Amino acid sequence: MISFVVAQLIFFLGMIALFIVLLRFFKSKFINRKRNQWLLTGYLVILITSFTISYMLPINDNNSARSVRLINEDTKIPNLHVVPQMTGSIEMAEDYLVNEWEFDFEGTELNIEMLGEDIISNIAIETANLNNTVEVGLYMTPHIIDNIDLTTGHIPTANVSLEDSKLTFQASAPVEVKISQVNKEFPIRQFKDSNYLSNPDWGTGTGVYEESTTYAEDNKYLEPVDNRIFSTELLYIKIPADVDVSPNEELNLFFVDGD
Amino acid sequence: MSLNKVNYMSLVKKQYQFKLKAYLNVFNSLIILQLFSILIAFNPTISHGMSGYSYHGSLDSYTADFSVVFTLLWGFITAFLITTRAYREDDYTFVTNNQTQVWSNSLFLLTISFLSGLTAMLSGSLYRVIFYFAKDTNEIIWHHVTLTDFFIGFMATSMYILLFCSLGYLAGTLVQLHKVFVFILPVLFIGLLIISGNAGKNNFLVNSFLFYFQEGNLILFTLKILVTSGLLFSLSMLLIRNKEVRV
């Protein structure tokens, strides 16, 4: 079985052999000196023309038709899986409110039902000073890769309804998004990108692996892993003091007030 | 006996000018390689996928890095080839010795480093233009190359090519000294790769790589490359100076 290193090596040696053949071919007298000059001049003209055209293309830096958002690398994004547990409220995640609903409710017991292929299993329930009203808020943090917010303009929504003491949450159809980015060449990124090769992944080899790979689950902010931050979601439900929520083993219910 | 006084610098200059005209065909292969690299750069360099609540997203990253990488390899091979007999024979149309050969070759390689560095960066622009008209995706994020970026990229690429040229020239010199180096050098390189792969991140090859590729200051980087290349060319000159000169 050929290892990855040997496969890479074979590829590079093959490329080098190809180059040598090419150079030998062109060392011969197939193309005379005058044609060499014309060939090189023509190639330079094409390159300079494309260089000029590239500055006239109707594109702006960091922009696209949907204005994909770039995230500042210092931005702290809350981990919605632990924010209610760690802070006792949803205040620090207010910027990530996707949608909210308000229903009149006069019952004393509330059942929660999830429908659809994708369900939100992270639900926090707060007993608030409400008068016959149930408030529901859907919070989501973005998917981020290389400081690019992939969910700009594509935040999935949901349908929420309340009938006969049953609060029904229906997930929306999955959104499929494909984004491309055209990067600068690595000699430019080396001097312009502050994070360039700052934490290269060389693998562990066969030696002793010294660094810890545990994920900080008790951190209320999301930490990037391989320049990626995965989205977290939370359904935050506020109920009046006299309302009880029926337990549901399929759902991860967290009561902010402790009950 | 000739009464003409031979000026060392004028000899080097004449050989250098001759090589600039005579070895122009090396750019033919560079043109093909860079155009080929543009073609293969239409496959994404890196692909990321993410899934979450009602969401499936992917991010494909494209770059013209292949053009730079192929140019580096081209520089290495060109430098290696000009040490071979077929190219060395051309020098004997002049009054020459091994030192003037090395000087004129070094100047030639320095010149083609800058020329090929320029074409490598410009081919990135060609790639972007073709990409703009050829690719069809929902959204494209363009990391625009400013004129400052272009200049930085040009200098850095030229320096990298010069480094690879000096390595190729030294390798070619060693092979000319003794044919056994044809086997020793690849074995040494493969051995270093395998040892690096097994050792993880703290090893000679990785540290050497990071010494250049992690440098964020252009001036320091240029100094590093110039000093390294100068040492490599000097070593080549030292090795070849006592080799028998063709009469």
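The values are calculated or read from the model by the stated rules, or taken from the named source; none is laboratory data. All figures in this text were calculated on a predicted structure; none of them were measured in a lab. Glycine also receives a Cβ, built like all others from the backbone with ideal geometry; neighbour counts cover every protein chain displayed. The area values use the complete protein model at the heavy-atom level, side chains included, leaving out ligands, DNA and RNA. Shrake-Rupley method; radii C 1.70, N 1.55, O 1.52, S 1.80 Å.
For region B:179-203, which positions are exposed (fewer than 15 other Cβ atoms within 10 Å of the Cβ) and more than 24 Å from the chain's Cα centre (by Cα)?
B:V180, B:I195, B:N198, B:N202
How many of the residues in region B:184-209 are within 17 Å of B:T84 (Cβ to Cβ) and without any contact (Cβ under 8 Å) to a residue 12 or more places away in the chain?
Residues in region B:184-209 being within 17 Å of B:T84 (Cβ to Cβ) and without any contact (Cβ under 8 Å) to a residue 12 or more places away in the chain: 1 in total.
Just for region A:84-113: of the residues that are part of a helix (DSSP H, G or I) and under 22 Å from A:P247 (Cβ atoms), which one is most open to solvent (accessible area, probe 1.4 Å)? Can you show your working first?
Within region A:84-113, the first condition is being part of a helix (DSSP H, G or I), and the residues that meet it are A:84-87, A:91-96.
Filter once more, so that each one left must be under 22 Å from A:P247 (Cβ atoms): A:84-85.
On the way: A:P84: 3, A:Q85: 79 Å².
My answer is A:Q85.
Any residue that is free of Cβ contacts under 8 Å to residues at least 60 places away in the same chain, part of a helix (DSSP H, G or I) and aliphatic (A, V, I, L, M) - is there at least one of those in region B:135-156?
Yes - at least one qualifying residue is present in region B:135-156.
Could you tell me whether region B:62-70 includes any residue that is modelled with pLDDT of 90 or more and closer than 18 Å to A:K178 by Cβ?
The initial filter retains those residues of region B:62-70 that are modelled with pLDDT of 90 or more, namely B:62-70.
Pick out the ones that are also closer than 18 Å to A:K178 by Cβ and you get B:62-63.
Yes, the conditions are met somewhere in region B:62-70.
From the list A:I145, A:I155, A:I179, which residue is at pLDDT below 90, within 11 Å of another protein chain (Cβ to nearest Cβ) and open to solvent by 30 Å² or more (accessible area, probe 1.4 Å)? Quick ask: steps written out before the conclusion?
Values: A:I145 fails: open to solvent by 30 Å² or more (accessible area, probe 1.4 Å); A:I179 fails: open to solvent by 30 Å² or more (accessible area, probe 1.4 Å).
The match here is A:I155.
Listed residues B:L174, B:L167; which is in contact (Cβ under 8 Å) with a residue 24 or more places away in the chain and either open to solvent by 40 Å² or more (accessible area, probe 1.4 Å) or part of a loop (DSSP other than H, G, I, E, B) (or both)?
Result: B:L167 is the single residue among B:L174, B:L167 that is in contact (Cβ under 8 Å) with a residue 24 or more places away in the chain and either open to solvent by 40 Å² or more (accessible area, probe 1.4 Å) or part of a loop (DSSP other than H, G, I, E, B) (or both).
Do we have A:I123 as within 20 Å of A:V256 (Cα to Cα), within 14 Å of chain B (Cβ to nearest Cβ) and either of a type outside the set (S, T, Y) or in contact with a Cys (Cβ under 6 Å, 6 or more places away or on another chain) (or both) here?
Answer is yes for this residue.
Residues in region B:204-213 that are surrounded by 14 or more Cβ atoms within 10 Å (Cβ to Cβ) and either of a type in the set (F, W, Y) or on the phi > 0 side of the Ramachandran plot (or both): how many?
Residues meeting the conditions: 3.
When you look at A:L138, is it of a type outside the set (D, E, K, R) and either farther than 29 Å from A:N72 by Cβ or under 17 Å from the mean Cα position of the chain (by Cα) (or both), yes or no?
no
Filter region A:128-139 for residues that are at pLDDT below 90 and either under 23 Å from B:S54 (Cα atoms) or surrounded by 14 or more Cβ atoms within 10 Å (Cβ to Cβ) (or both) and give the result.
A:A128, A:L130
Give region B:217-231 a look and list any residue that's within 9 Å of B:M159 (Cα to Cα) and open to solvent by 40 Å² or more (accessible area, probe 1.4 Å), or say none.
B:L226
Limited to region A:138-178, what total is found for residues that are assigned to a strand (DSSP E or B) and in contact with a Gly (Cβ under 7 Å, 6 or more places away or on another chain)?
So the answer is 3.
Restricting region A:196-219 to residues that are over 29 Å from B:L193 (Cα atoms) and open to solvent by 80 Å² or more (accessible area, probe 1.4 Å), which is modelled with the highest pLDDT?
Ranking the qualifying residues of region A:196-219, first place goes to A:D218.
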